[in-house]
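The values are calculated or read from the model by the stated rules, or taken from the named source; none is laboratory data. Bear in mind that the values here come from a model prediction, so they are computed numbers and not experimental data. We place every Cβ from the backbone using ideal geometry, glycine too, and count neighbours over all the protein chains shown.
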Amino acid sequence: MSESERKKWDARWRERGPLPSPPSILLTALDDLPDQGRALDIAGGNGRHALWLADRGLSVTLLDVSVVALEQAAAAARASDLQLETVCADLECDPLPAGPWELVLSFHYLNRHLWPRFPELLAPGGILVFVQPTRRNLERHERPGVDFLLEEGEAARIASRLEVVRLEEGWSTEGRHEAVLVARRPHPGEVLPTST
Ligand SMILES: C[S@@+](CC[C@H](N)C(=O)[O-])C[C@H]1O[C@@H](n2cnc3c(N)ncnc32)[C@H](O)[C@@H]1O
């Protein structure tokens, strides 16, 4: 990522103000999230999900390219007496932190090069949650632009070598057209159910 793009993200987080928004209703309503172990929030911004997961009992690492976002998240964690590890990394060139993670969250961040790495990052039985707007989102919203939108049906590609727990696309209660994938890494020797 260029220095100017990084500064743009820093400026966006500064403008939004220091306090993380509430977590997405979609995430908080999922049935299959672990409540202990290690969680990685990829490009998690100023921590709306990382803080909620830490409060739930997970040991959370929040990764983002924006130092401003990470500082806001760290301050919010301190204010709520929550443990939060932050990692500043540019996922266009830096590696993802090594697992195993009981939960990997990728929410509103699109980087297709990372997808093949997801299964090996997860602990056996670990859960991947991936949420990203699709092209149909343009029917109601100008942003995000097409470079940040999934093709229809594309999220299924991420789930190879994983067990799909939930895979759907549609208009969310928060007004976006999104793909939602929840997938689980099988335990060694576990046979994946075949899709019909
Ligand atoms: C749309 S925001 C989503 C933030 C968070 N996941 C959420 O749902 O609130 C996208 C995030 O990706 C981060 N980001 C963009 N490019 C990145 C990169 N190359 N490496 C790491 N983080 C990046 C931005 O700083 C921003 O926080």
* Any hit, the stretch 75-89, residues being on the phi > 0 side of the Ramachandran plot and more than 16 Å from the ligand (Cβ to nearest atom) -> yes
* Just to be sure, is LEU138 free of Cβ contacts under 8 Å to residues at least 24 places away in the same chain, part of a strand (DSSP E or B) and hydrophobic (A, V, I, L, M, F, W, C)? -> no
* **Subset tally (residues that are more than 9 Å from the ligand (Cβ to nearest atom) and assigned to a strand (DSSP E or B)) for the stretch 99-114** => 4
* To do: Among the candidates ALA50, ALA11, single out the residue that is hydrophobic (A, V, I, L, M, F, W, C), in contact with a strand residue (DSSP E or B) (Cβ under 9 Å, 6 or more places away or on another chain) and either away from the ligand (no atom under 11 Å from the Cβ) or modelled with pLDDT of 95 or more (or both).
  => ALA50
* Residue list for the stretch 101-125, filter: over 14 Å from the mean Cα position of the chain (by Cα) and among the small types (Gly, Ala, Ser) -> ALA123, GLY125
* Within the group GLY57, GLY44, which residue is near the ligand (Cβ under 10 Å from one of its atoms), within 21 Å of LEU30 (Cα to Cα) and of a type outside the set (Lys, Arg)? -> GLY44
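Residue by residue, here is whether (1) more than 25 Å from ALA155 (Cα to Cα); (2) surrounded by 17 or more Cβ atoms within 10 Å (Cβ to Cβ) holds:
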residue: ILE42; (1), (2): no, yes
residue: LEU51; (1), (2): yes, yes
residue: VAL60; (1), (2): no, yes
residue: VAL65; (1), (2): no, yes
residue: ASP90; (1), (2): no, no
residue: PRO100; (1), (2): no, no
residue: ASN111; (1), (2): no, no
* Asked: (1) buried (at least 20 other Cβ atoms within 10 Å of the Cβ); (2) out of contact with any Ser or Thr (no Cβ under 8 Å at 6 or more places or on another chain); (3) charged (D, E, K, R): which one isn't true of ARG117, the others all being true?
  -> (1)
* **Per-region count, the stretch 156-196, residues under 20 Å from THR28 (Cβ atoms) and among the hydrophobic types (A, V, I, L, M, F, W, C)** => 8
* To do: Taking LEU96 as the residue in question, decide whether it is assigned to a helix (DSSP H, G or I), within 16 Å of the ligand (Cβ to nearest atom), within 20 Å of ALA69 (Cβ to Cβ) and at pLDDT 95 or above.
  => no
* To do: Select the helices (runs of 4 or more DSSP H) contained entirely in the stretch 1-78, then report the ones holding at least 2 residues which are farther than 30 Å from ARG166 by Cβ.
  => 3-16
